[in-house]
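The next block holds one structure in the form of C-alpha coordinates; read it before the comments.
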Amino acid sequence: MNETKIATHNSHFHLDDVFAVAALSICLKQPLEIIRTRDLLKIKDADYVVDVGGEYDEEKNRFDHHQKGGAGLRKNGIPYASFGLVWKKYGHSICDSEEIVRIIEKKIVEPVDAEDNGVGIVSPMIDEIYPYSYWNVISSLNPTWKERDKNLDELFGKAVALSREILLREIERARHFVEGRTFVEQAYDSAEDKRLIILDAEYSWSDILINKDEPIFVVGPNLEEKQWRVLAVRIDAHSFKNRKDLPKSWGGKHDEELALETGVSDATFCHNNLFIAAARSKEGAIRLAKLAIEK
(Lines give C-alpha, C1' and ligand atoms only; values in the text may rest on other atoms or scores of the structure.)
Protein backbone atom coordinates (compact mmCIF):
# COMPACT_ATOMS: atom_id res chain seq x y z
CA MET A 1 0.00 0.00 0.00
CA ASN A 2 1.34 3.43 -0.93
CA GLU A 3 1.87 5.74 2.01
CA THR A 4 -0.25 8.87 2.24
CA LYS A 5 2.02 11.92 2.28
CA ILE A 6 1.46 14.66 4.85
CA ALA A 7 3.67 17.73 4.47
CA THR A 8 4.35 20.24 7.20
CA HIS A 9 7.15 22.69 7.88
CA ASN A 10 10.61 21.69 9.06
CA SER A 11 12.65 23.25 11.89
CA HIS A 12 11.10 23.65 15.36
CA PHE A 13 7.60 22.28 15.78
CA HIS A 14 4.63 23.65 17.70
CA LEU A 15 1.29 22.43 19.01
CA ASP A 16 -0.50 23.47 15.84
CA ASP A 17 1.42 21.34 13.33
CA VAL A 18 1.84 18.50 15.85
CA PHE A 19 -1.87 18.22 16.60
CA ALA A 20 -2.87 18.71 12.96
CA VAL A 21 -0.75 15.71 11.94
CA ALA A 22 -1.94 13.72 14.98
CA ALA A 23 -5.59 14.36 14.05
CA LEU A 24 -5.00 13.30 10.44
CA SER A 25 -3.23 10.14 11.60
CA ILE A 26 -6.35 9.17 13.58
CA CYS A 27 -8.72 10.00 10.74
CA LEU A 28 -6.85 8.43 7.84
CA LYS A 29 -6.11 5.04 9.43
CA GLN A 30 -3.48 4.17 6.83
CA PRO A 31 0.31 4.22 6.48
CA LEU A 32 1.63 7.78 6.49
CA GLU A 33 4.78 9.48 5.31
CA ILE A 34 5.44 12.71 7.18
CA ILE A 35 7.47 15.17 5.12
CA ARG A 36 8.84 18.15 7.02
CA THR A 37 9.92 20.69 4.44
CA ARG A 38 9.48 24.12 2.91
CA ASP A 39 10.32 22.87 -0.57
CA LEU A 40 7.33 23.93 -2.69
CA LEU A 41 7.68 20.99 -5.08
CA LYS A 42 7.55 18.48 -2.22
CA ILE A 43 4.63 20.36 -0.68
CA LYS A 44 2.75 20.29 -4.00
CA ASP A 45 3.30 16.55 -4.27
CA ALA A 46 1.84 15.81 -0.81
CA ASP A 47 -1.69 14.47 -0.29
CA TYR A 48 -2.22 16.66 2.77
CA VAL A 49 -0.46 19.88 3.74
CA VAL A 50 -0.63 21.51 7.19
CA ASP A 51 0.90 24.72 8.53
CA VAL A 52 2.97 25.41 5.42
CA GLY A 53 2.47 26.22 1.74
CA GLY A 54 0.49 29.44 2.04
CA GLU A 55 -2.85 27.94 1.00
CA TYR A 56 -6.13 27.01 2.62
CA ASP A 57 -8.36 24.86 0.46
CA GLU A 58 -10.10 22.08 2.35
CA GLU A 59 -11.24 20.39 -0.87
CA LYS A 60 -7.59 19.92 -1.80
CA ASN A 61 -6.57 19.18 1.80
CA ARG A 62 -4.41 22.29 2.10
CA PHE A 63 -4.53 23.59 5.66
CA ASP A 64 -2.23 26.57 6.09
CA HIS A 65 -3.10 29.85 7.80
CA HIS A 66 0.02 31.96 7.24
CA GLN A 67 -1.10 33.48 3.94
CA LYS A 68 -2.24 37.09 3.70
CA GLY A 69 -5.66 37.37 5.32
CA GLY A 70 -5.21 34.13 7.26
CA ALA A 71 -7.77 31.35 7.06
CA GLY A 72 -10.76 32.86 8.82
CA LEU A 73 -11.97 33.82 12.28
CA ARG A 74 -14.34 32.11 14.65
CA LYS A 75 -17.28 34.06 16.07
CA ASN A 76 -15.34 34.51 19.32
CA GLY A 77 -12.46 36.14 17.45
CA ILE A 78 -9.97 33.27 17.65
CA PRO A 79 -8.35 32.82 14.21
CA TYR A 80 -8.09 29.39 12.67
CA ALA A 81 -4.69 27.74 12.70
CA SER A 82 -3.93 24.50 10.89
CA PHE A 83 -5.19 22.25 13.68
CA GLY A 84 -8.51 24.08 13.70
CA LEU A 85 -8.82 23.83 9.92
CA VAL A 86 -8.15 20.08 10.00
CA TRP A 87 -10.59 19.66 12.88
CA LYS A 88 -13.29 21.67 11.10
CA LYS A 89 -13.18 19.25 8.16
CA TYR A 90 -12.36 15.95 9.86
CA GLY A 91 -13.49 16.31 13.47
CA HIS A 92 -16.77 14.49 12.88
CA SER A 93 -15.02 11.67 11.03
CA ILE A 94 -12.75 11.25 14.06
CA CYS A 95 -15.45 11.52 16.75
CA ASP A 96 -18.68 10.57 14.95
CA SER A 97 -20.52 12.96 17.26
CA GLU A 98 -21.09 16.67 16.77
CA GLU A 99 -21.26 17.17 20.54
CA ILE A 100 -17.89 15.55 21.12
CA VAL A 101 -16.45 17.54 18.21
CA ARG A 102 -17.59 20.71 20.02
CA ILE A 103 -16.18 19.56 23.38
CA ILE A 104 -12.74 18.88 21.87
CA GLU A 105 -12.94 22.11 19.87
CA LYS A 106 -13.38 24.14 23.05
CA LYS A 107 -11.03 22.13 25.26
CA ILE A 108 -8.08 21.62 22.92
CA VAL A 109 -8.47 23.01 19.39
CA GLU A 110 -9.34 26.63 20.11
CA PRO A 111 -6.66 27.07 22.80
CA VAL A 112 -4.06 25.61 20.40
CA ASP A 113 -5.21 27.87 17.56
CA ALA A 114 -5.22 30.91 19.86
CA GLU A 115 -1.67 30.26 21.06
CA ASP A 116 -0.39 29.64 17.54
CA ASN A 117 -1.91 32.91 16.33
CA GLY A 118 -0.61 34.94 19.26
CA VAL A 119 -4.00 35.44 20.91
CA GLY A 120 -3.74 35.53 24.70
CA ILE A 121 -6.43 33.62 26.62
CA VAL A 122 -4.78 33.34 30.05
CA SER A 123 -3.74 36.11 32.42
CA PRO A 124 -1.66 35.32 35.53
CA MET A 125 -3.28 35.97 38.89
CA ILE A 126 0.19 36.00 40.45
CA ASP A 127 2.92 38.00 38.74
CA GLU A 128 5.20 35.93 36.50
CA ILE A 129 3.44 32.65 37.39
CA TYR A 130 1.74 30.81 34.53
CA PRO A 131 0.31 27.28 34.28
CA TYR A 132 2.69 24.63 32.99
CA SER A 133 0.71 23.72 29.90
CA TYR A 134 0.86 21.12 27.15
CA TRP A 135 2.44 23.83 25.01
CA ASN A 136 5.38 23.68 27.44
CA VAL A 137 5.53 19.89 27.15
CA ILE A 138 5.76 19.92 23.35
CA SER A 139 8.11 22.89 23.34
CA SER A 140 10.44 20.98 25.67
CA LEU A 141 10.84 18.25 23.04
CA ASN A 142 12.49 20.69 20.65
CA PRO A 143 16.29 20.75 20.93
CA THR A 144 18.03 23.60 22.69
CA TRP A 145 20.93 25.56 21.22
CA LYS A 146 23.31 22.95 22.65
CA GLU A 147 21.51 20.03 21.00
CA ARG A 148 21.82 20.77 17.31
CA ASP A 149 22.87 17.18 16.65
CA LYS A 150 19.43 15.85 17.55
CA ASN A 151 17.13 14.62 14.78
CA LEU A 152 14.18 17.04 14.62
CA ASP A 153 12.09 14.73 12.48
CA GLU A 154 12.36 11.96 15.08
CA LEU A 155 11.46 14.39 17.85
CA PHE A 156 8.50 15.61 15.81
CA GLY A 157 7.35 12.00 15.44
CA LYS A 158 7.58 11.56 19.21
CA ALA A 159 5.51 14.73 19.73
CA VAL A 160 2.88 13.56 17.23
CA ALA A 161 2.62 10.10 18.83
CA LEU A 162 2.16 11.63 22.29
CA SER A 163 -0.40 14.14 21.04
CA ARG A 164 -2.29 11.44 19.17
CA GLU A 165 -2.67 9.47 22.40
CA ILE A 166 -3.79 12.57 24.29
CA LEU A 167 -6.34 13.45 21.61
CA LEU A 168 -7.74 9.92 21.59
CA ARG A 169 -7.87 9.93 25.40
CA GLU A 170 -9.70 13.26 25.55
CA ILE A 171 -12.21 12.02 22.96
CA GLU A 172 -12.87 8.95 25.10
CA ARG A 173 -13.23 11.10 28.22
CA ALA A 174 -15.70 13.31 26.36
CA ARG A 175 -17.73 10.23 25.37
CA HIS A 176 -17.90 9.13 28.99
CA PHE A 177 -18.85 12.65 30.10
CA VAL A 178 -21.73 12.76 27.62
CA GLU A 179 -22.92 9.30 28.68
CA GLY A 180 -22.65 10.10 32.40
CA ARG A 181 -24.37 13.47 32.10
CA THR A 182 -27.76 11.73 31.84
CA PHE A 183 -27.23 10.11 35.24
CA VAL A 184 -26.07 13.38 36.83
CA GLU A 185 -29.14 15.18 35.46
CA GLN A 186 -31.37 12.39 36.79
CA ALA A 187 -29.77 12.65 40.23
CA TYR A 188 -30.37 16.42 40.21
CA ASP A 189 -33.98 16.07 39.05
CA SER A 190 -34.79 13.44 41.67
CA ALA A 191 -32.97 15.09 44.60
CA GLU A 192 -35.25 15.82 47.57
CA ASP A 193 -33.02 18.75 48.53
CA LYS A 194 -31.25 20.12 45.46
CA ARG A 195 -28.55 21.60 47.66
CA LEU A 196 -27.25 18.02 47.99
CA ILE A 197 -26.81 15.81 44.92
CA ILE A 198 -26.10 12.12 45.53
CA LEU A 199 -24.39 10.15 42.75
CA ASP A 200 -23.90 6.39 42.54
CA ALA A 201 -20.77 6.42 40.34
CA GLU A 202 -17.71 8.59 39.71
CA TYR A 203 -19.35 10.72 37.02
CA SER A 204 -17.82 13.99 35.83
CA TRP A 205 -20.37 16.32 37.34
CA SER A 206 -18.71 19.69 37.86
CA ASP A 207 -19.47 21.29 34.48
CA ILE A 208 -23.09 20.17 34.80
CA LEU A 209 -23.95 21.12 38.37
CA ILE A 210 -22.12 24.46 38.24
CA ASN A 211 -24.84 25.50 35.81
CA LYS A 212 -27.54 24.74 38.39
CA ASP A 213 -28.34 27.33 41.03
CA GLU A 214 -29.00 25.12 44.07
CA PRO A 215 -26.27 22.46 44.46
CA ILE A 216 -23.80 23.11 47.29
CA PHE A 217 -22.38 19.64 47.94
CA VAL A 218 -22.13 16.39 45.99
CA VAL A 219 -21.85 12.94 47.56
CA GLY A 220 -20.35 10.15 45.48
CA PRO A 221 -18.17 7.05 45.73
CA ASN A 222 -14.40 6.84 45.66
CA LEU A 223 -14.12 3.27 44.44
CA GLU A 224 -10.34 3.07 44.65
CA GLU A 225 -10.29 3.92 48.35
CA LYS A 226 -13.63 2.24 49.12
CA GLN A 227 -15.00 5.43 50.62
CA TRP A 228 -17.72 7.96 49.94
CA ARG A 229 -16.81 11.60 49.47
CA VAL A 230 -18.46 14.94 50.08
CA LEU A 231 -17.33 17.48 47.48
CA ALA A 232 -18.08 21.19 47.48
CA VAL A 233 -19.51 22.69 44.29
CA ARG A 234 -17.36 25.59 43.12
CA ILE A 235 -18.67 28.96 42.02
CA ASP A 236 -17.44 28.33 38.47
CA ALA A 237 -15.40 25.81 36.53
CA HIS A 238 -12.18 27.84 36.73
CA SER A 239 -12.30 28.90 40.37
CA PHE A 240 -11.13 27.25 43.58
CA LYS A 241 -13.79 29.13 45.55
CA ASN A 242 -16.63 26.99 46.83
CA ARG A 243 -20.27 27.98 46.96
CA LYS A 244 -19.98 26.95 50.59
CA ASP A 245 -16.98 25.56 52.45
CA LEU A 246 -17.18 22.55 54.70
CA PRO A 247 -17.17 23.64 58.37
CA LYS A 248 -13.90 25.24 59.38
CA SER A 249 -13.69 23.13 62.56
CA TRP A 250 -13.42 19.98 60.39
CA GLY A 251 -10.37 21.09 58.44
CA GLY A 252 -7.36 18.76 58.65
CA LYS A 253 -9.03 16.27 60.99
CA HIS A 254 -8.94 12.50 60.46
CA ASP A 255 -10.69 9.39 61.72
CA GLU A 256 -11.50 9.50 65.46
CA GLU A 257 -10.83 13.23 65.74
CA LEU A 258 -13.19 14.02 62.85
CA ALA A 259 -15.75 11.48 64.08
CA LEU A 260 -15.75 13.18 67.48
CA GLU A 261 -16.11 16.61 65.88
CA THR A 262 -18.97 15.62 63.56
CA GLY A 263 -20.73 12.79 65.35
CA VAL A 264 -20.33 10.67 62.20
CA SER A 265 -18.64 7.50 63.44
CA ASP A 266 -17.10 6.44 60.13
CA ALA A 267 -15.86 9.87 59.02
CA THR A 268 -12.27 9.54 57.75
CA PHE A 269 -10.92 12.99 56.82
CA CYS A 270 -11.60 16.56 55.82
CA HIS A 271 -9.17 18.57 53.70
CA ASN A 272 -7.60 21.70 55.17
CA ASN A 273 -9.04 23.72 52.28
CA LEU A 274 -12.56 22.56 53.18
CA PHE A 275 -13.61 21.34 49.73
CA ILE A 276 -13.66 17.59 50.37
CA ALA A 277 -14.44 15.20 53.23
CA ALA A 278 -15.03 11.47 53.33
CA ALA A 279 -16.61 8.63 55.25
CA ARG A 280 -16.45 4.87 54.87
CA SER A 281 -20.15 4.57 54.07
CA LYS A 282 -22.58 6.35 51.79
CA GLU A 283 -24.81 7.05 54.79
CA GLY A 284 -21.89 8.61 56.67
CA ALA A 285 -21.00 10.87 53.76
CA ILE A 286 -24.62 11.99 53.40
CA ARG A 287 -24.72 12.83 57.12
CA LEU A 288 -21.53 14.90 56.76
CA ALA A 289 -23.01 16.75 53.79
CA LYS A 290 -26.26 17.51 55.57
CA LEU A 291 -24.39 18.75 58.63
CA ALA A 292 -22.26 21.00 56.42
CA ILE A 293 -25.34 22.43 54.69
CA GLU A 294 -26.95 23.39 57.99
CA LYS A 295 -23.84 24.85 59.68
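The values are calculated or read from the model by the stated rules, or taken from the named source; none is laboratory data. From a predicted model like this one, the values you see are computed outputs, not experimental measurements. With ideal geometry, Cβ positions are generated from the backbone for all residues, glycine too; neighbour counts draw on all protein chains shown. Just the protein is used for accessible areas: all its heavy atoms, side chains included, with ligands, DNA and RNA removed. Shrake-Rupley method; radii C 1.70, N 1.55, O 1.52, S 1.80 Å.
Can you pull out the residues in region 127-139 that are surrounded by 10 or more Cβ atoms within 10 Å (Cβ to Cβ) and farther than 16 Å from His9 by Cβ?
Those that are surrounded by 10 or more Cβ atoms within 10 Å (Cβ to Cβ) and farther than 16 Å from His9 by Cβ: Tyr130, Ser133, Tyr134, Trp135, Asn136, Val137.
Give Arg148, Arg173 a once-over and let me know the one that is open to solvent by 90 Å² or more (accessible area, probe 1.4 Å), within 30 Å of Phe13 (Cβ to Cβ) and modelled with pLDDT of 95 or more.
When all the criteria are applied, what remains is Arg173.
Please work out which residue is farthest from Tyr90 (Cα to Cα), limiting yourself to region 110-127 and to residues that are in contact (Cβ under 8 Å) with a residue 60 or more places away in the chain and out of contact with any strand residue (DSSP E or B) (no Cβ under 9 Å at 6 or more places or on another chain).
Glu115
For every residue, the table says whether it meets (1) closer than 21 Å to Val109 by Cα; (2) open to solvent by less than 30 Å² (accessible area, probe 1.4 Å); (3) within 24 Å of the chain's Cα centre (by Cα); (4) of a type in the set (A, V, I, L, M, F, W, C).
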{"residue": "Thr37", "(1), (2), (3), (4)": "no, yes, no, no"}
{"residue": "Asp51", "(1), (2), (3), (4)": "yes, yes, yes, no"}
{"residue": "Gln67", "(1), (2), (3), (4)": "yes, no, no, no"}
{"residue": "Lys75", "(1), (2), (3), (4)": "yes, no, yes, no"}
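Listed residues Ser93, Ser97; which is in contact with a helix residue (DSSP H, G or I) (Cβ under 7 Å, 6 or more places away or on another chain) and open to solvent by less than 90 Å² (accessible area, probe 1.4 Å)?
From the options Ser93, Ser97, the qualifying one is Ser93.
Please tell me if Val184 is surrounded by 15 or more Cβ atoms within 10 Å (Cβ to Cβ) and under 30 Å from Glu33 (Cβ atoms).
No; evaluated as a whole, the condition is false for this residue.
Can we say Val119 is open to solvent by 30 Å² or more (accessible area, probe 1.4 Å), at pLDDT below 95 and of a type in the set (A, V, I, L, M, F, W, C)?
For Val119, the condition - open to solvent by 30 Å² or more (accessible area, probe 1.4 Å), at pLDDT below 95 and of a type in the set (A, V, I, L, M, F, W, C) - is met.
What are the residues in region 283-295 that are open to solvent by 10 Å² or more (accessible area, probe 1.4 Å) and part of a helix (DSSP H, G or I), if any?
Selection gives Glu283, Ile286, Arg287, Lys290, Leu291, Ile293, Glu294.
Arg280 fails exactly one of the following numbered conditions: (1) within 14 Å of Asn222 (Cβ to Cβ); (2) open to solvent by less than 70 Å² (accessible area, probe 1.4 Å). What is the number of that condition?
(2)
Return a yes/no flag: does region 63-70 have any residue that is more than 19 Å from Gly118 (Cβ to Cβ) and among the acidic types (Asp, Glu).
Within region 63-70 (the criterion being more than 19 Å from Gly118 (Cβ to Cβ) and among the acidic types (Asp, Glu)), the answer is no, since none of the residues qualifies.
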